[in-house]
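Read the structure below first, then the notes.
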Amino acid sequence: MLSADVSPKAAAGRRPVLEIDDLKTWFHTDAGIVKAVNGVTLSVAHGETLAIVGESGSGKSVTGLTVMRLLGRQSSGGARGRVEGGSIRFQARDGEPVDLIGVSDAEMARIRGRDIAMIFQDPMSSLNPVFPIGDQIAEPIRIHKRVDRRKARQMAVDLLRDVGITDPDRRVDAFPHQLSGGMRQRVMIAIALACDPVLLIADEPTTALDVTIQAQIIMLLKRLQRERGMALIFVTHDLKLVEEIADQVAVMYASQIVEQGPASAVLAHPRHPYTKALLACTPHGAGHGARLVPIPGVLPNPLDPPAGCRFHPRCSLAVAECAATLPVLETVGADHVARCFRWRELAS
Ligand SMILES: Nc1ncnc2c1ncn2[C@@H]1O[C@H](COP(=O)(O)OP(=O)(O)OP(=O)(O)O)[C@@H](O)[C@H]1O
């Protein structure tokens, strides 16, 4: 254990609902081992929104799926992911914290839906086309809250109203194909919220929607999160959304967290060259009128990532040490950590 290795969980005042420590999720494929998540450490506190950002393929979705223990079902490609190490400490509203990696399948089924819920980019793939949406919202309520059919239906109507669906008494009997993409995502949110989870994981929930609807869904998520005091993990590659929605941001690069901290600090004072490069290549982050600078090079091959800092082949600040040794997450500010030997140079 390296002494400088710190987890963002150490920050004072934040009560973690989820603490992921040194998580490793690997896929054993015919071509070799894809270490999709390889030493991820991050935390999210009760009532807080954490955005996980990074380029496509950096391991954001696999991190969320590992928390939900849905690796076999939802991941793309053929191989089934396996957790090879680390821990996922989850603290429900009451009771003792549990390590989600170790709990039984039956206990995980109870936690999923009741305590932690997840919504995906494409609601159509999660909704069942042959059942009315009301039934699909009522089902988790009946399972987890043990209420009768009539009461569950009424709760479904109330939830539809809460997520902004007009005429919910009629719409409760609609089938998914009768709704627009934005409405289907609202239904997914209603299903996710049905049992009042303490943590919601939203994996690029607005990517498939047009811009106006995207903004409405983001506002809806923000309102529901505030009203219910739940924690939200928001997976995105859109830094503009991060500023709008997140308290904390975790930046992921090639299967690892390279920086985590308060969104305001990370966006204004990035302490990892990758975060800085991401900001420089988005219209928002680069500042009004600034030239957009693409990040040189490409994400490393997941089957054969570079030694040392994963970002060093693309980094203008890299020195010999960066190619030889993997830096640990180091404290770079209040509640702010970065995985870089050269963060001081970046700061100055
Ligand atoms: N079933 C699978 N078999 C093999 N490799 C997989 C599988 N699922 C994911 N991967 C690999 O794991 C890595 C991380 O994927 P992940 O979907 O988590 O990335 P991401 O950051 O969420 O990207 P995106 O923004 O495109 O969703 C990628 O290299 C991906 O190809």
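The values are calculated or read from the model by the stated rules, or taken from the named source; none is laboratory data. Source: prediction; values computed, not measured. Every residue, glycine among them, receives a Cβ derived from its backbone with ideal geometry; neighbour counts consider all protein chains shown.
Is it the case that Ile137 is under 23 Å from Arg69 (Cβ atoms) and surrounded by 20 or more Cβ atoms within 10 Å (Cβ to Cβ)? It is true that Ile137 is under 23 Å from Arg69 (Cβ atoms) and surrounded by 20 or more Cβ atoms within 10 Å (Cβ to Cβ). Taking the stated definitions as given, is Gly81 touching a strand residue (DSSP E or B) at 6+ places or on another chain (Cβ under 6 Å), in the same structural domain as Thr236 (by the TED database), in contact (Cβ under 8 Å) with a residue 40 or more places away in the chain and within 16 Å of the ligand (Cβ to nearest atom)? When the stated conditions are applied, Gly81 passes them.
Scanning the stretch 10-61 for residues that are basic (Lys, Arg), crowded, with 17+ Cβ neighbours inside 10 Å and either away from the ligand (no atom under 16 Å from the Cβ) or assigned to a strand (DSSP E or B) (or both) turns up Arg14, Lys24, Lys35. Could you tell me whether the stretch 130-140 includes any residue that is of a type outside the set (D, E, K, R) and touching a Gly at 6+ places or on another chain (Cβ under 6 Å)? Scanning the stretch 130-140, I find at least one residue that is of a type outside the set (D, E, K, R) and touching a Gly at 6+ places or on another chain (Cβ under 6 Å), so the answer is yes. With respect to the stated conditions, Gly64 fails to be more than 10 Å from the ligand (Cβ to nearest atom), under 25 Å from Leu224 (Cα atoms) and modelled with pLDDT of 90 or more. The set of residues in the stretch 160-213 that are of a type in the set (D, E, K, R) and more than 22 Å from the chain's Cα centre (by Cα) comprises Arg161, Asp162, Asp167, Asp169, Arg170, Arg171, Asp173. In the set (1) among the polar types (S, T, N, Q); (2) in contact with a Leu (Cβ under 7 Å, 6 or more places away or on another chain); (3) over 30 Å from Gly57 (Cβ atoms), the condition left unmet by Gln185 is number (3). A residue that is modelled with pLDDT under 95, in a helix (DSSP H, G or I), more than 16 Å from the ligand (Cβ to nearest atom) and more than 28 Å from Val266 (Cβ to Cβ) occurs somewhere in the stretch 86-106.
Would you check which residues across the stretch 201-234 are under 19 Å from Gly113 (Cβ atoms) and β-branched (Val, Ile, Thr) and list them? Answer for the stretch 201-234, where residues must be under 19 Å from Gly113 (Cβ atoms) and β-branched (Val, Ile, Thr): Ile201, Ile233.
The lone criterion from (1) assigned to a loop (DSSP other than H, G, I, E, B); (2) out of contact with any Phe, Trp or Tyr (no Cβ under 6 Å at 6 or more places or on another chain) left unmet by Leu346 is number (1). Just checking, does the stretch 234-250 include any residue being in a loop (DSSP other than H, G, I, E, B), within 20 Å of Ile133 (Cα to Cα) and touching a helix residue (DSSP H, G or I) at 6+ places or on another chain (Cβ under 9 Å)? The answer is no; no qualifying residue exists.
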